[in-house]
Amino acid sequence: MMKQIFLAFFILLCATPAYAETAYERVMKTQTIRCGYANYAPGSLKDTATGEINGIAADVIESAAKQLGFKVEWVEETTWGLHLEGLKTKKYDALCSSSFALPSDTLWSETVGPLYYSTIGIWVRPDDKRFVNNYEAINKPEIVVSAIDGTIPAIIAAEDFPNAKIVSQPQFTDYSLNMMNVAQGKADVTFVETWQGNAFAAENPGKLVNIGAQKPLRVYHNYMLVGKGEFELQSMLNTVIKQMQDNGQIEKIIAKYEGTKGSLLRVAPNYEEEN
């Protein structure tokens, strides 16, 4: 009888799933936040000369970690499309880049922030007036949209202008090619972040204008991400970031990387939202 009891207990013990340490528990134990990042300005960009990671999200997480008494370890560079894998496999505790957190991202992650907002503009050649105050004119078969597979320009083109012709590049193509295609007459229009477009326009004056400055096609929150269900880590980081927003720290960081003033929209301080 005792053998049967011990056998049943042993089987039950073996059947009990092993406890998986949460990212929060690991961070608290090691006093280290392991960060993955996408090499994508202005959120996080690797300096090829020094190897340092700089940018809005990078500086925010470094400052937040310091205030918590932690350090940041930059463990893996990833790309959009693969950025959630490191969270799923626990290679890193947080994606410390500026992510739009699209609906598909929320299936596998929790958001930290937002840090700021990005608007999506409509970029055309200065002498092309066809779409001014008439965005629907883009939705015609003869109109060519420059895009990159799986990215925001391609998504917007498919959702808002399904009749237009999309000339798409492979996923990891530099976004500046979208704008260059329009400037060179290979496409009629592209949809990119105001920050990116303004940076291109500063280097290529007179080539493109944003006709969507007052009425952007999209406004996206920029978040950092933690793993699905990592609510303790999410709460801890969000609390520090809200304080950084209220005391002006994040404003100083954004201004450092913004380039053309007004390219990025700010998150209202929490005390303004409450009044």
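Given the chain, what percent of its DSSP beta bridges are antiparallel, to the nearest 5?
Of all bridge pairs located within the chain, approximately 60 percent are antiparallel.
From zero up to wherever the largest Cα-Cα distance of segment 119-217 sits, split into 5 Å bins and tell me the percent of pairs in each.
Per 5 Å bin, starting at zero, the Cα-Cα P(r) for segment 119-217 comes out as 3, 15, 28, 30, 19, 6, 0 percent.
Going Cα to Cα from LYS186, which lysines come in below 28 Å? Please leave out same-chain ones fewer than 8 positions away.
Within the straight-line limit of under 28 Å, LYS186 reaches these lysines: LYS129, LYS140, LYS165, LYS207, LYS215.
Is there a quick way to get the dipole size of segment 119-217? I mean about its Cα centre, with the Cβ of Lys and Arg at +1 and of Asp and Glu at -1; what is the value in debye to the nearest 20?
Computed charge dipole of segment 119-217: roughly 240 debye.
At TYR135 and ASP174, where each label point lies 7 Å from the Cα along Cα→Cβ, what is the point-to-point distance in nanometres?
It is 2.9 nm.
Cα atoms only, the chain: Rg and Dmax in Å?
22.6, 91
May I ask for the longest run of the chain untouched by trypsin sites (Lys or Arg not before Pro) that are loop-located per DSSP and have at most 16 neighbouring C-beta atoms (other than their own) within 10 Å?
Free of exposed loop sites, the longest segment is 1-89.
Segment 17-64 to segment 92-135: how many Å between their Cα centroids?
The two parts, judged by their Cα centres, are 21 Å apart.
If I take the Cα coordinates of segment 157-275 and project them onto the principal axes, what are the three extents in Å, biggest first?
48, 33, 27
Could you rank the peptides 170-177, 153-160 by their average count of other C-beta atoms within 10 Å per residue, with the highest value first?
153-160, 170-177
With 23 Å as the limit, write out which pairs from LYS46/LYS256; LYS29/LYS66; LYS88/LYS256 have Cα-Cα distances beyond it, or answer none.
Beyond 23 Å: LYS88/LYS256.
Values in this text are rule-based calculations from the coordinates and carry no lab data. Predicted model, so just to flag it, every value in this text is computed and none were measured. Positions of Cβ are generated from backbone atoms using ideal geometry, with glycine treated the same way; all protein chains shown enter the neighbour counts.
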